[in-house]
Structures are given as structure tokens and as C-alpha cells.
Amino acid sequence: MSSANTKVRFISTSSIRPATHTESIQRLDLTPWELSHLALNTIQKGLLFHKPNDDTWITQLKTSLSCTLDHFFPLAGRLATETHDDNTISVFILCNDAGAEFVHATVDLTVADILDPLYVPHIVDDFFRLNDTINFDGQSRPLLSVQVTELTDGIFLGCTMNHSVVDGSSFWHFINSWSEISRNRSAHQISRPPNFNRCFHNLPIRIPVPRSEKLTRSHMPALEQRVFYFSPQNIAKLKAKANLDITNNNIIISSLQAVLAHVWRAVTRARKVDSDVEVIYMVLTGNRARLNPPLHEDYFGSATGSGLASAKATELVNQGLGFGAELLNRGVNLHNDAMIRDRWDNWVKEPKFYLDGLPTDKPLLITGSSPRFNMYGNDFGWGCPIGVRSGCGNKFDGKMTVFPGVAKGSMEIEACVSPKTLTALGEDSEFMQFVEDETPPPTTTELADQLRLLHEQYDAFKTIHPDPHANGYEADNQVEAVTLAIAPRFPTVTNQHGSKDMSHGVLHTLQKFDDSPLTAPKRSKRPPPSYTSNSPSSRCTMAPPALLST
């Protein structure tokens, strides 16, 4: 079914509060990193799943979300301001348990309608809330909003969080913890509690009132998005090529730097940039491990910085992959403890709500997110995600969002550029020779490992609940979703009754195969359908390039 003229229908909206929150912290003051994000849009990331086979999953999501907010209670609060006598304000998170937003919606589309088109369908923007929001609006709007959109054969879990409250690390830390609680059902504890210690900076920070009133919203022209998949094998080839090309033998180009350099060169060619024009790449980086001493790895907040690389277009295109990769490596490595502290001291002296000095009149790429984030491991109790997509927040012509791929060691680059540039990218043989046409189906080993994990969860569930007859059907749902997705490929084992028995049969059959991909339909290459959003702000209220972050 085409997404053209299809609309998202809203079923219900509710407020979710922490289940038993007793934390004494009532106020968390924002740091310079977080204050500088006040004019940005929110973070919007979502996970696509096959539809669960029971009818309790909505209740399960709400209950587990409430339990997760016990640990991540600031997300149930709101931003607040304190006015001082010197005509300044300070901004903080008021941990008042006002609640997170939970929206249940439905749409007449299938999983294939989302994953198969060559370009990301525009309707994906409507799978997220708060599309017209900047972070400073967190005084009156939720800091966390979840929209669960029910498809014909799947669900899309779209999460929106205030970017002055979380960065990508804290965003996925929350999602990982939520899925952990949902998957374990009866368990309320999480393996990685968040750390709220902010003693590394003198807080609160005062902001001149006139500056806070200059926060604005901007509309961007129509853009298109396409997800480019890089297999582990092609990433290894790019990394080897980049390291052979570099002139400095004292550095080692990382896999990500090699892939981003490959993208940078290709986009520069696709944009047909004049040879003497300076092109710029901004790579957003985490500050936690770069400080000395480092922040706790589970520090809760927004702690990001950036590394800059620039070159003449002709140099970048003609001097080889290693040239661009070395520039990216140098820019990221300069972002060290001294630079981070210098930047935040300067920000306190002269607060700005944008990335000061970023030349928006030059060809620009910005990469946010990270292939290290755990996205495809988020099993809420009915199997792992089959796709990841982002919303329209903080998108502009040149935003490159990096995701881990489904296969271990792979990457996906969600490229947001003009339609003309995106078309040229797809026709660039030098670029596309390292890009797979589609995300490959999981290997037999990966499927077997997933089934083994589910069986371990099943056995643990029966240990906790001594009456297997009373609780067996509930435990059975933990293996059923994955089993039913795999079993049709093995007709000889599908005639057994019960998903537990069936999955044993599938697992036994899988063990007879080598580690080659299973047969799966090829993704279609049809062009994206025309689509007009039913949300007035969906395509979208976006920050200008100078205001972008992860």
C-alpha cells in the first residue's frame, strides 16, 4: 500500500508518571552544553517492530514506561526558570512528576511500506510528536513524548526527548532501560542506573534575559532522505583504503571516519561544488570520556561537543579517501579536555544559543548519532527491531545521521539532502560501489542466537513462576514473535503445535545451515510516493544549520 494520501489516526493520549518515585532531587540545573541547545529541536528516533501476537502490548509499554521513569525521573518533569535581580535567568529541570506523554495511533500501512521505498516516506515524520517544538518550550511541553503507531503488521515506537535534557547517549540509555524492564516484566531494576552528578561545573548559570528571548524557529525547504547501508566487509575495505592513503603514519583512521570521508567526498561531487569553495564537515562527539577526569559513562544529560574539518572542494575530491579521513580524524582529536573546558568557560562569559562561528553560507555536512548506540538490541518482549528511523527535528540539507546496522559491524547513514543531491548520490558509481542495495537478511547464526536468547528468557520465566500451566502462555509470547517470523522459511517444521515446540524445530533446522543469509525478498526500488502530511508542522519546523546537534 502506498503512503500517498494516507493519514495517521490518533486513538488515545495519556500522561505517564513515575510508578513509585521517591528520589529527593527536585532540581537539576542545566550545564553550558544543555543551555546552548535551548533553540534546537528535540531528539526524535524511532524503532520499527513486527506486531506482537497478543493484545496486551500497549498496557505492557505503559506500565514499563512508568517503572522506567522511576529511574529517569527528570524526563517526567518540565523545564523551569528562576529570575535574578541582575536581569538574568537560570534554567533548570523541575523534577515535579508532571508526566511524559504517551500517544497511541494507527495507520493503514505495512512494514514494507516503511522499509521498501528507495527514499524514507514523508509520513514517518508523523510517527513522532512535538514536531513544532524547540527545547526551550519544555517549560510547558513534555520532556518525553512517545507515539506508538500501529501498522497493519507492525508497530513503530517513536520517541521524542528534549535535547537540553538528553543527548544521544542518554536517549538510548533510557530506551535500553525501558526495553529491559518491559522484556523482564516483573523486574523493576535496571542494569545501568543513570548518574545525575553535576558537580563538575559551577551551577546554576545565569543567562541574560534578552538572549533567551531571541530563541526562534525556522522553516527549511523540502528535503528527501535515503538510508545507505554499509556492510562490515565494505566498511573494512574503506578503512583499509583510507589508512593506506594517509600521509601521517602516527594516526589510525577509524571505521566511522573512513565511512564519513567517503560520504563527504560523494556529497561534494553530487552538489557540484566549485573547486575553490571551502566545504565543511562537523562531527558531533560525546564529552563524557574526553574530560579529565571523565564523566561517569552513564551520566544523564546532554554532553556533546563537535570536531570540525574543512578543505577546498577540489582537494577533498581529488586527493583520495585518506585526505578527508585524516581531516576528520584531526578535527575530532582536537576536541579534548582543554578545548571542552575552554569552550564552556567562553560560553558562560557570552552565552549563545547556536554554534557560534559556523559558516552556514558554505557547503556543510553534520553527522550526529553513533554506530555504538544500542538500537537493534531493544527487545521489549516481542523481538528486536527490524528498522530505525529518525523524525524531522534538526534536519537540514546536509544532515547525516549514523545508525548501527542490523548485522554486527555494519552501519546505516540516513542522508538528508536536497532531492537533486540525493539523486546524484544514487547515480555515483564511486560512492555506490561500497553501498549495499538493502540491509541483508540476518544470517542463520544470528537467527539461532536470537532464538537461544529467547529460550533462556523463557526458562528464566518458568523458574520465577512455579506454575507453568498458569504462566506458560505469557512466557510463550517471548519466543513466538521471532519464531513466527522465521518458521515460514522452513515449512517442514511449521506443522508442530505451539510456538515453543515450533521454535525448537526451527532452531534445530537452523543448525543444519551454514552462516549464509536466508532467502528474503529484495527491497523495491520504486521512487518515494507523493505525500502531504496531515500535521501542519510535520514537514517541518526545523532549526537552521547553525543550531544543529545530535
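The values are calculated or read from the model by the stated rules, or taken from the named source; none is laboratory data. Keep in mind that this is a model prediction, so the values were computed, not measured. Positions of Cβ are backbone-derived with ideal geometry, glycine not excepted, and every protein chain shown enters the neighbour counts. In case anyone asks, the SASA skips ligands and DNA or RNA and just uses the protein heavy atoms, side chains included. Shrake-Rupley method; radii C 1.70, N 1.55, O 1.52, S 1.80 Å.
On inspection, T56 fails the criterion of being within 21 Å of the chain's Cα centre (by Cα), of a type in the set (S, T, Y) and at pLDDT below 95. Just one of the numbered conditions (1) β-branched (V, I, T); (2) open to solvent by less than 10 Å² (accessible area, probe 1.4 Å); (3) at pLDDT below 95 is not true of I89: (2). Of all residues in the stretch 223-242, those satisfying the criterion of being among the small types (G, A, S), touching a residue at least 12 places away in the same chain (Cβ under 8 Å) and closer than 16 Å to I253 by Cβ are A236, A242. I11 meets the stated requirement of being open to solvent by 40 Å² or more (accessible area, probe 1.4 Å) and either within 23 Å of D132 (Cβ to Cβ) or not hydroxyl-bearing (S, T, Y) (or both).
Scanning the stretch 247-260 for residues that are open to solvent by less than 30 Å² (accessible area, probe 1.4 Å) and either more than 21 Å from V279 (Cβ to Cβ) or part of a loop (DSSP other than H, G, I, E, B) (or both) returns a single hit, I253. In the set (1) at pLDDT 95 or above; (2) in contact with an Asp or Glu (Cβ under 6 Å, 6 or more places away or on another chain); (3) farther than 30 Å from D153 by Cβ, K362 fails one condition alone, (1). If you go through the stretch 323-331 one residue at a time, do you hit one that is modelled with pLDDT under 95, more than 27 Å from N135 (Cα to Cα), under 27 Å from the mean Cα position of the chain (by Cα) and not basic (K, R)? The answer is yes; a qualifying residue exists.
Given the residues G331, G307, G322, which is the only one that is touching a residue at least 60 places away in the same chain (Cβ under 8 Å), of a type in the set (G, A, S), outside the structural domain of V165 (by the TED database) and open to solvent by less than 20 Å² (accessible area, probe 1.4 Å)? Of G331, G307, G322, the one residue that is touching a residue at least 60 places away in the same chain (Cβ under 8 Å), of a type in the set (G, A, S), outside the structural domain of V165 (by the TED database) and open to solvent by less than 20 Å² (accessible area, probe 1.4 Å) is G322. Here the strands (runs of 3 or more DSSP E) wholly within the stretch 92-198 that include at least 2 residues being within 16 Å of the chain's Cα centre (by Cα) are 144-150, 154-161. Only one of the numbered conditions (1) open to solvent by less than 10 Å² (accessible area, probe 1.4 Å); (2) modelled with pLDDT under 95 is violated by P221, and that is (1). In the stretch 117-132, the residues that are at positive phi form Cβ pairs under 9 Å with partners that are small (G, A, S) and open to solvent by 10 Å² or more (accessible area, probe 1.4 Å), at six or more places apart or across chains, as follows: L130/G393. Within the stretch 261-281, the residues that satisfy the criterion of being of a type outside the set (K, R) and either assigned to a loop (DSSP other than H, G, I, E, B) or modelled with pLDDT under 95 (or both) are V273, D274, S275, D276, V277. Filter the stretch 282-318 down to the residues that are aliphatic (A, V, I, L, M) and not in a loop (DSSP other than H, G, I, E, B) and list them by number. Hits for the stretch 282-318 are M282, V283, L284, L308, A309, A311, A313, L316, V317.
Residue-by-condition table, conditions (1) hydrophobic (A, V, I, L, M, F, W, C); (2) closer than 22 Å to T160 by Cα; (3) open to solvent by 10 Å² or more (accessible area, probe 1.4 Å):
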| position | (1), (2), (3) |
| --- | --- |
| D337 | no, no, yes |
| F353 | yes, yes, yes |
| R372 | no, yes, yes |
| N378 | no, yes, no |
| K408 | no, no, yes |
| A415 | yes, yes, no |
| E427 | no, no, yes |
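L65 falls short on exactly one of the conditions (1) out of contact with any strand residue (DSSP E or B) (no Cβ under 8 Å at 6 or more places or on another chain); (2) part of a helix (DSSP H, G or I), and that condition is (1).
Exactly one residue among D137, D116 is open to solvent by 10 Å² or more (accessible area, probe 1.4 Å) and within 30 Å of G405 (Cβ to Cβ), and that residue is D116. Of all residues in the stretch 196-218, those satisfying the criterion of being among the charged types (D, E, K, R) and either at pLDDT below 60 or open to solvent by 80 Å² or more (accessible area, probe 1.4 Å) (or both) are R206, R211, E213, K214, R217. When we screen K62, K45 for residues that are in contact with a Phe, Trp or Tyr (Cβ under 7 Å, 6 or more places away or on another chain), closer than 30 Å to P419 by Cβ and either assigned by the TED database to the domain that holds L143 or of a type in the set (V, I, T) (or both), the only hit is K45.
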